[in-house]
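Before any comments, here is the structure.
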């Protein structure tokens, strides 16, 4: 049997008189609305005729509008939603709980961040309102974290969470385009009121859109009207900034600067600093950065590289077989309580392997790393000084020192290789410049050809002239610097 039906008959209001009173006066009247849905009779009793007629008219209007009626309780879908309505804050927590089990740690954190931002636009009261920063901390730290929600929290956070539970609009209000516009405007701002990055806005909007879809699934909204809002989103630039890409001379120089890092300290009682190499993370991470530069690994893939992932000769070309990644999300969001969330490759099924070529310089660096530092118990090549996972902050700190040492002051201030991730951009750009076909480059890099063309559009555009020369050569056409006609007959002299 289906959940809804259009098989509906609505009868007139029926008046029922109770038993006469002992004093002889007539019994109390009641007014009954009766209607039939898919063969089942549903009655509703009211104390006054006005109440009964009002309810009956709602049923009639719903039927006239072609609205479906629910078989379970006989109510039109719209009236059932009103009865099921709930505060946005309550619904947002239910949405988080629904997504939690199957979501990656970074997705959990991103969901909480987006919902917290949206909630600030859906507050229903101002009396006793805590500061926005406190409300946001209460949501991202506890309320929108399934496993931390019921744990001990500071009194200010406890109070903020209690205030939120009674001071957000109901979910049904999100069927109003004006309310939705306010949510989108809030997503476009940072906490300080300045404009948020376009990428951040798109990510948060996607979470809110998905939450509204869940509200429709829960029968709390008749439809997701977010796409109807005529709202101009900030322009999102997917193509890389070519200024971040290092050339084939700068790349090795930066890696050499990582390898050369030492820690300077002044022992107690001494007047001169002493070089202490064993306390520097740089030398043991040079091969990690090299995998990004020579094989286009993402940083979260590089830190998970294991000895069983290597197919290396003593020298020459080898191969890396990638199957795991470990993005940094924070201990509060992972199932293990570790900062990094170990999982399958991005947009790949668990256990799927992505083979990547390992050029001779990287082969040499990996062989040297294995000889000098070995691996930990689970086979990982790269780890912190205490043997744990390499932190994002460690990669950033080591890389910043390398940029200062290897680049000029002007280059250091520029976007050139500002992030370790930019080494991956340099590698993909090198593959494209070397004439490797787009499908092969996309397969090695671990994304689609469409994404490759979008992200590296400027790099590809820079190769157009060279490509045209190759086509001209195949067709036997003269090059631009060849003069087909000496032009003597055009010389006015």
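Roughly what angle does helix 49-64 make with the longest principal axis of the chain, taking Cα atoms, 0 to 90 degrees, to the nearest 10?
The two axes meet at around 50 degrees.
Ordered by packing density, taken as the mean number of other Cβ atoms within 10 Å over each peptide's residues, highest first, how do 374-385, 186-197 rank? Write down the numbers at each step before the final one.
Values: 374-385: 15.2, 186-197: 13.2.
So the order, starting with the most tightly packed, is 374-385, 186-197.
Below 8 Å between Cα atoms, with a sequence gap of 6+, how large is the relative contact order for region 244-467 in percent?
This gives 25 percent for region 244-467.
Starting with the highest mean, order 220-232, 159-171 by the number of other Cβ atoms within 10 Å, averaged over the residues of each peptide. Mind showing how you got there, number by number?
Values: 220-232: 14.4, 159-171: 18.5.
Highest mean packing first, the order is 159-171, 220-232.
Going by how many other Cβ atoms sit within 10 Å of their own, how do 77, 183 line up, fewest first?
Numbers: 77 15, 183 24.
Going from least to most buried by this count: 77, 183.
Over region 88-228, what relative contact order in percent results from Cα pairs under 8 Å that are six or more residues apart? Can you show the working numbers first?
On the way: 149 pairs, mean separation 41.9, N = 141.
Answer for region 88-228 is 30 percent.
Can you tell me the 0 to 90 degree angle between the C-alpha axis of helix 155-164 and the longest principal axis of the chain, rounded to 10?
That works out to roughly 60 degrees.
Using only Cα atoms, locate the centre of region 214-241 and the centre of region 81-115, then give the distance between them in Å, rounded to an integer.
Here the two parts' Cα centres lie 16 Å apart.
Can you run the Rg to Rh ratio on region 88-228? Use alpha carbon positions and the Kirkwood inverse-distance Rh.
On the way: Rg = 14.2 Å, Rh = 15.2 Å.
Rg divided by Rh gives 0.93.
What percent do you get for the relative contact order of the chain when only Cα pairs under 8 Å and 6+ apart count?
On the way: 696 pairs, mean separation 55.0, N = 493.
Relative contact order of the chain: 11 percent.
Per residue of the chain, what 222 nm ellipticity follows from adding -39500 (n - 2.57) for every DSSP H run with n ≥ 4, rounded to the nearest 500?
Details: 19 runs with 208 residues, N = 493.
One gets -13000 deg cm²/dmol as the mean residue ellipticity at 222 nm.
Mind pulling the angle between the C-alpha long axis of helix 250-259 and the longest principal axis of the chain? Nearest 10 degrees, somewhere in 0 to 90.
Relative to the chain, helix 250-259 is tipped by roughly 90 degrees.
Quick one: 55, 289, fewest Cβ neighbours within 10 Å first, how do they rank? Write out the running numbers ahead of the final one.
Details: 55 17, 289 27.
Neighbour counts put them in this order, fewest first: 55, 289.
In whole angstrom, and with the biggest value first, how far do the Cα coordinates of the chain range along each principal axis?
In descending order, the Cα extents are 118, 88, 45 Å.
Going by C-beta contacts inside 10 Å, put 109, 64 in order with the fewest on the left. Walk me through the numbers on the way to the answer.
Working: 109 20, 64 8.
Taking fewest neighbouring Cβ atoms as first place, the list is 64, 109.
Only the coordinates and a few stated rules stand behind these numbers; no lab work does. Since the structure is predicted, the reported quantities are computational estimates derived from the model, not experimental observations. Positions of Cβ are backbone-derived with ideal geometry, glycine not excepted, and every protein chain shown enters the neighbour counts.
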